[in-house]
Amino acid sequence: MNLEIVKKALLEIDDSIDLLSTWFQVNKNLKLKIDNGEESDWDSPEDIEIESFLFVATFYDGEYSFAIDKIDINNNQINIWGLEGDSKLFSSFQETIEEENNLELLKLIALRYEKLEQLSYAKPQE
């Protein structure tokens, strides 16, 4: 997967597209999407920070869920935690999702999600 193309595509996603519904086809056997984010307390929309990003993935025929923390993204040392899913290919999935390009993809998606959340709260409510 070309991360530069993904980075450009993510920047084009605005609040008219639901990032929570957008699947990323990493390769023939792996798709993933962000599922949610756990926010910290905030006083203004600019202060919104997502503390943990929750993801779901399909790997071959199995479904998996996991999380990454914003502090790990900031430290450029992303760790997958809370990994749950199909036990048949669990180790293979874990190895695949922890590949450097896949961790970078998770980081890009997470940061775009956080920015879109900030923008959605900054909009005047109708």
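The values are calculated or read from the model by the stated rules, or taken from the named source; none is laboratory data. This is a predicted model, so every value here is computed, not measured. Quick reminder, even Gly has a Cβ in these numbers, built from the backbone with ideal geometry, and neighbours come from all protein chains shown. Ligands, DNA and RNA are stripped out before the accessible areas are found, and what is left, the full protein with its side chains, is counted by its heavy atoms. Shrake-Rupley method; radii C 1.70, N 1.55, O 1.52, S 1.80 Å.
Report in % the part of the accessible area of region 1-111 that belongs to carbon and sulfur, leaving out ligands and nucleic acids; probe 1.4 Å.
Its accessible area is 43 percent carbon and sulfur atoms.
Ranking request for peptides 96-109, 31-44, 74-87: highest mean number of other beta-carbon atoms within 10 Å first, then the rest in descending order.
96-109, 31-44, 74-87
Stick to Cα atoms and the Kirkwood definition of Rh, then tell me Rg/Rh for region 57-126.
1.09
Quote the convex hull volume per residue of region 38-88, based on C-alpha atoms, as a whole number of Å³.
Working: hull volume 4.6 nm³, N = 51.
Considering the Cα atoms of region 38-88, their hull volume per residue is 90 Å³.
With the alpha-carbon atoms as the only input, what is the per residue convex hull volume for the chain in Å³? Show your work: numbers first, answer last.
Numbers: hull volume 13.9 nm³, N = 126.
Convex hull of Cα atoms, per residue: 111 Å³.
Could you state how much accessible area Glu114 has, in square angstrom rounded to the nearest 10, with a 1.4 Å probe and all protein chains kept in place?
Only protein atoms counted, so the area is about 20 Å².
What accessible area per residue, rounded to a whole number of Å², is obtained for the chain using a probe radius of 1.4 Å?
Details: 7660 Å² over 126 residues.
Each residue of the chain exposes 61 Å² on average to a 1.4 Å probe.
On a 0 to 90 degree scale, rounded to 10, what angle separates helix 3-12 from the longest Cα axis of the chain?
30
Against the longest principal axis of the chain, how steep is helix 100-122, in degrees 0 to 90 to the nearest 10, with axes from Cα atoms?
Approximately 20 degrees, to the nearest ten.
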